[in-house]
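The values are calculated or read from the model by the stated rules, or taken from the named source; none is laboratory data. Here the structure is a predicted model, which is why all the values come from computation and not from measurement. Because the Cβ atoms are built from the backbone with ideal geometry, glycine has one as well, and the counts that use them run over all protein chains shown. The protein model used for the area step is the full one, side chains on, heavy atoms only, and it has no ligands, DNA or RNA in it. Shrake-Rupley method; radii C 1.70, N 1.55, O 1.52, S 1.80 Å.
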Amino acid sequence: MPLTHSGLTYVLKSYARKSAMTHNRLADEPSPYLLQHKDNPVHWYPWGDDAFEEAKRTGKPVLLSVGYAACHWCHVMAHESFEDPATAEVMNALFINIKLDREERPDIDKIYMEALHHLGEQGGWPLTMFLNAERQPFWGGTYFPKMPQYGRPSFTAVLEQVSSIYQTAPDKVKTNTNALQAALQQQPRAATGSDLPDIDLDIVNQVAKQIHSIVDPVRGGLQGAPKFPQVPIFQLLWRHYLRTGDTTSRNRTLVTLRNICQGGIYDHLGGGVARYSVDERWLAPHFEKMLYDNAQLLDLLVSVWQHTKDDLFRVRIDETISWVSREMIAEHDALAASLDADSDGEEGTFYVWDRTEIENLLGSDAIPFSEIYDVRPGGNWEGKVILNRLGALDMLDEPMEARLNAARETLFAHRAKRNAPARDDKILTDWNGLMIASLANAGLVFDNPSWLALATAAYDGVKSTLYRDGKFLQSHRAGQTRHPATADGYANMTRAALSLYEATTEPTYLEDAKTWTSDLSEHFWDPDRGGYYFTSNQATDLIRRTYSASDDATPNANATMLANLARLYALTGDDQYRAAGTQTVSAFTPQILASGIAHAGALNGFEDFANLTQIVLVGDPNSREYQSMRHALLQYAIPARQLINVETGVDLPQEHPAHGKSGDGPITVFICNGPVCSLPLTKEDQIPEALGIH
């Protein structure tokens, strides 16, 4: 039961005497999110032994608050509670308080978010968890308001209740702790004998059919609100269409991308998408822009453009990469993590408009612009205008688009005078790997050297700064490089290396991919079941090692590695890569069969592993004929693709199906699937039939 006011006053005074030396310890942290809280009256600790030793010494429970710099509701809770002296007094008296940046420590965040799910909560950030001094959770939630609202109790009421139970009912706490610990330690069962079918492309097709029923056929995305881009799910649908011709998969993907690209979730002035839309129309985003969302969407847009040649997608690709190059380059030419949603203390202020403002800036052009971009006198969302083109998704004729572009440039220049949202400029290994791979692929497909240069510079920055003594670290900012990288970091940087190798044929990239795959196998591989743990075998400050293949906001390392292993086997002929991929599929078969949609990324990786299309291009890479043929090959959408560039006179590994093959012309192409290759192709018009495209 909650403490009485007088009882609370006594406890506050008692703990104040015990904790007279405490203070806020975040000032020396490099994380922008932690630095946002360095002046709070809360006696924050960063995650570490000091906090838990103090919990043991004082007998207090631990309050773990997890968020990230661009998180709107994290800001709300900070302004309401963490900046409030009265609330801070309660926190300091009753708890040892830890503030954690989930982007610096995704390994910790993943554990306690899963614990919250086991408590029956949906999850989200800020994550508020209560732990004992052994780092074990016993209760938690997300955002708690300062005063009771939204059907939630006040934050101080929660603090008093939790502290009271912790101090007076240890048996109840222990029961919760043991139950959560047992749930967290449960691991996926291994596939044994013949009790489960093998994963194959028929299983992938079945999952695609399941997805059809949960996608909004009019607006795209999963039905209802909020709407997230959910790129792995729509990659699966798009791949399904390309492989089978299923028009429902095609239409569900296209309607999703067209609504995203024309919705308010997309920044029509600066490029790039926000993290998600709070409504079912893609109109009203939470305005934070994350590097990882844009990386994943960019990759899908490139593939869809290859097939459709829809100019809307080409323009959005170009604008998004322009945003990255203009606003997201950080230290050492690597890429920053995110842009905040808030400025001037309010969400979205930087991005929204009113009609009068637009009329004053655009003059006579305001009339057509307002009609096309949904600019209304009273606004289109909570009294403000969020620019969007949801009323008519198609691009207009070239003269009108040029006129609209000039208007957008005027608005963009005016917007630049506003107070911009803060940028979280820390460099994250895993997120950089995602964007580098997408930039390399886009640069290759569109033959754009500047995009490749952007990818190469970021790659060099991450490699030189965050890869040390045979290990990746997770985060770098302000001269400080911290925290062991997760499997995602290794997997995504391996994918980045392979993408750059495909685009440039520079051998160093292939060697890096081999080295990092070896590092990953040494420290993350499960020798009993196969597959990769999320955290290294050298981690010391976690209550368990996460082992999963399901999707999160970013792709799972096991999904990414299936695709990487397929490409490494194709490029080297080394059977260790094929064997590792086979074991990984087997290890996670029970999970995938139980919930295919939650494992869309793993199924996409499986398609690469089982059905990789190897395009072997033989000839002089400096010749005009070679470049022309490569350009022609890249006009086709083949997500499970490995372009292998082979100079005349250089052979492939003996295990490769195209080993020893050569053509009569100066330029020869072989299309290989599994152990079978096409006849030599020497003309561009032979490509579609060889690829099975009609």
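Restricting attention to the stretch 234-266, and to residues there that are open to solvent by less than 10 Å² (accessible area, probe 1.4 Å) and of a type in the set (A, V, I, L, M), which single residue is nearest to residue 287 (Cα to Cα)? The selected residue is 265. Scan the stretch 158-190 for residues that are of a type outside the set (D, E, K, R) and open to solvent by less than 50 Å² (accessible area, probe 1.4 Å) and the total you get is 15.
Hey, does the stretch 36-58 have a residue that's outside any helix (DSSP H, G or I), basic (Lys, Arg) and either surrounded by 23 or more Cβ atoms within 10 Å (Cβ to Cβ) or in contact with a helix residue (DSSP H, G or I) (Cβ under 8 Å, 6 or more places away or on another chain) (or both)? No, every residue in the stretch 36-58 fails to be outside any helix (DSSP H, G or I), basic (Lys, Arg) and either surrounded by 23 or more Cβ atoms within 10 Å (Cβ to Cβ) or in contact with a helix residue (DSSP H, G or I) (Cβ under 8 Å, 6 or more places away or on another chain) (or both). The residue list 211, 203 contains one member that is modelled with pLDDT of 95 or more, touching a Pro at 6+ places or on another chain (Cβ under 9 Å), among the β-branched types (Val, Ile, Thr) and part of a helix (DSSP H, G or I), which is 203.
The single condition among (1) assigned to a strand (DSSP E or B); (2) within 22 Å of the chain's Cα centre (by Cα) that residue 103 does not meet is (1).
Only one of the numbered conditions (1) assigned to a loop (DSSP other than H, G, I, E, B); (2) at pLDDT 95 or above; (3) farther than 30 Å from residue 51 by Cα; (4) in contact with a helix residue (DSSP H, G or I) (Cβ under 7 Å, 6 or more places away or on another chain) is not met by residue 224, and that is (4). Hey, any hits in the stretch 284-304 for a residue that's open to solvent by 10 Å² or more (accessible area, probe 1.4 Å), of a type outside the set (S, T, N, Q), more than 19 Å from the chain's Cα centre (by Cα) and within 20 Å of residue 343 (Cβ to Cβ)? No, every residue in the stretch 284-304 fails to be open to solvent by 10 Å² or more (accessible area, probe 1.4 Å), of a type outside the set (S, T, N, Q), more than 19 Å from the chain's Cα centre (by Cα) and within 20 Å of residue 343 (Cβ to Cβ). Is there a residue being touching a residue at least 12 places away in the same chain (Cβ under 8 Å) and over 28 Å from residue 615 (Cβ atoms) anywhere in the stretch 432-450? Scanning the stretch 432-450 turns up no residue that is touching a residue at least 12 places away in the same chain (Cβ under 8 Å) and over 28 Å from residue 615 (Cβ atoms). Out of 600, 580, which single residue is under 17 Å from residue 235 (Cα atoms) and either crowded, with 23+ Cβ neighbours inside 10 Å or modelled with pLDDT of 95 or more (or both)? Matching residue, one of 600, 580: 600. The residue list 230, 210 contains one member that is under 17 Å from the mean Cα position of the chain (by Cα) and open to solvent by 20 Å² or more (accessible area, probe 1.4 Å), which is 230. Determine whether the stretch 542-564 contains at least one residue that is under 30 Å from residue 651 (Cβ atoms) and without any contact (Cβ under 8 Å) to a residue 24 or more places away in the chain. No: the stretch 542-564 contains no residue that is under 30 Å from residue 651 (Cβ atoms) and without any contact (Cβ under 8 Å) to a residue 24 or more places away in the chain. Residues considered: 62, 90, 66. Of these, the only one that is of a type in the set (Val, Ile, Thr) and out of contact with any strand residue (DSSP E or B) (no Cβ under 9 Å at 6 or more places or on another chain) is 90.
Candidates in the stretch 330-371 are the residues that are within 22 Å of the chain's Cα centre (by Cα) and part of a helix (DSSP H, G or I); of these, the one that is farthest from residue 283 (Cα to Cα) is 332. Of all residues in the stretch 116-137, those satisfying the criterion of being open to solvent by less than 10 Å² (accessible area, probe 1.4 Å) and over 21 Å from the mean Cα position of the chain (by Cα) are 128, 129, 130, 131, 137. Among the residues of the stretch 21-35, those that are in a loop (DSSP other than H, G, I, E, B) and within 24 Å of residue 336 (Cβ to Cβ) comprise 26, 27, 28, 29, 30, 31. What are the residues in the stretch 123-149 that are among the hydrophobic types (A, V, I, L, M, F, W, C) and without any contact (Cβ under 8 Å) to a residue 40 or more places away in the chain, if any? Once the filter is applied, which keeps residues that are among the hydrophobic types (A, V, I, L, M, F, W, C) and without any contact (Cβ under 8 Å) to a residue 40 or more places away in the chain, the stretch 123-149 yields 139, 147.
Applying a threshold of 9 Å to beta carbon distances and a minimum spacing of six or more residues, or different chains, the list of pairs starting in the stretch 465-484 at a residue that is at positive phi and ending at one that is of a type in the set (S, T, N, Q) and open to solvent by less than 30 Å² (accessible area, probe 1.4 Å) reads 483/474; 483/475.
Does residue 560 fit the bill of being under 29 Å from residue 222 (Cβ atoms) and crowded, with 24+ Cβ neighbours inside 10 Å? The answer is yes for residue 560.
Among the residues of the stretch 143-157, those identified as open to solvent by 20 Å² or more (accessible area, probe 1.4 Å), on the phi < 0 side of the Ramachandran plot and assigned to a loop (DSSP other than H, G, I, E, B) are 146, 147, 148, 153. Examine the stretch 621-637 for a residue that is aliphatic (A, V, I, L, M) and open to solvent by 20 Å² or more (accessible area, probe 1.4 Å), and state whether such a residue exists. No, the stretch 621-637 has no match at all.
Only a single criterion out of (1) hydrophobic (A, V, I, L, M, F, W, C); (2) open to solvent by less than 10 Å² (accessible area, probe 1.4 Å); (3) within 19 Å of the chain's Cα centre (by Cα) is not satisfied by residue 94, namely (3). Only a single item in (1) under 25 Å from residue 429 (Cβ atoms); (2) free of Cβ contacts under 8 Å to residues at least 12 places away in the same chain; (3) among the hydroxyl-bearing types (Ser, Thr, Tyr) is not met by residue 247, and it is number (1). Looking across 62, 11, 66, one residue alone is out of contact with any Phe, Trp or Tyr (no Cβ under 6 Å at 6 or more places or on another chain), farther than 25 Å from residue 424 by Cα, aliphatic (A, V, I, L, M) and modelled with pLDDT of 95 or more. It is 62. When every residue of the stretch 600-621 is checked against the conditions, at least one turns out to be of a type in the set (Asp, Glu) and closer than 22 Å to residue 440 by Cβ. The residue that is nearest to the chain's Cα centre (by Cα), among those in the stretch 640-694 that are open to solvent by 60 Å² or more (accessible area, probe 1.4 Å) and of a type in the set (S, T, N, Q), is 673. Remark: pairs (first residue in the stretch 295-323, of a type in the set (Ser, Thr, Tyr); second residue crowded, with 19+ Cβ neighbours inside 10 Å and not in a helix (DSSP H, G or I); Cβ separation under 8 Å; 6+ apart in sequence or on different chains) = 303/637; 303/639; 320/271; 320/272; 320/273; 322/271.
Any residue in the stretch 502-514 that is open to solvent by 60 Å² or more (accessible area, probe 1.4 Å), within 18 Å of residue 572 (Cα to Cα), outside any loop (DSSP other than H, G, I, E, B) and touching a Leu at 6+ places or on another chain (Cβ under 8 Å)? Yes, the stretch 502-514 contains a residue that is open to solvent by 60 Å² or more (accessible area, probe 1.4 Å), within 18 Å of residue 572 (Cα to Cα), outside any loop (DSSP other than H, G, I, E, B) and touching a Leu at 6+ places or on another chain (Cβ under 8 Å).
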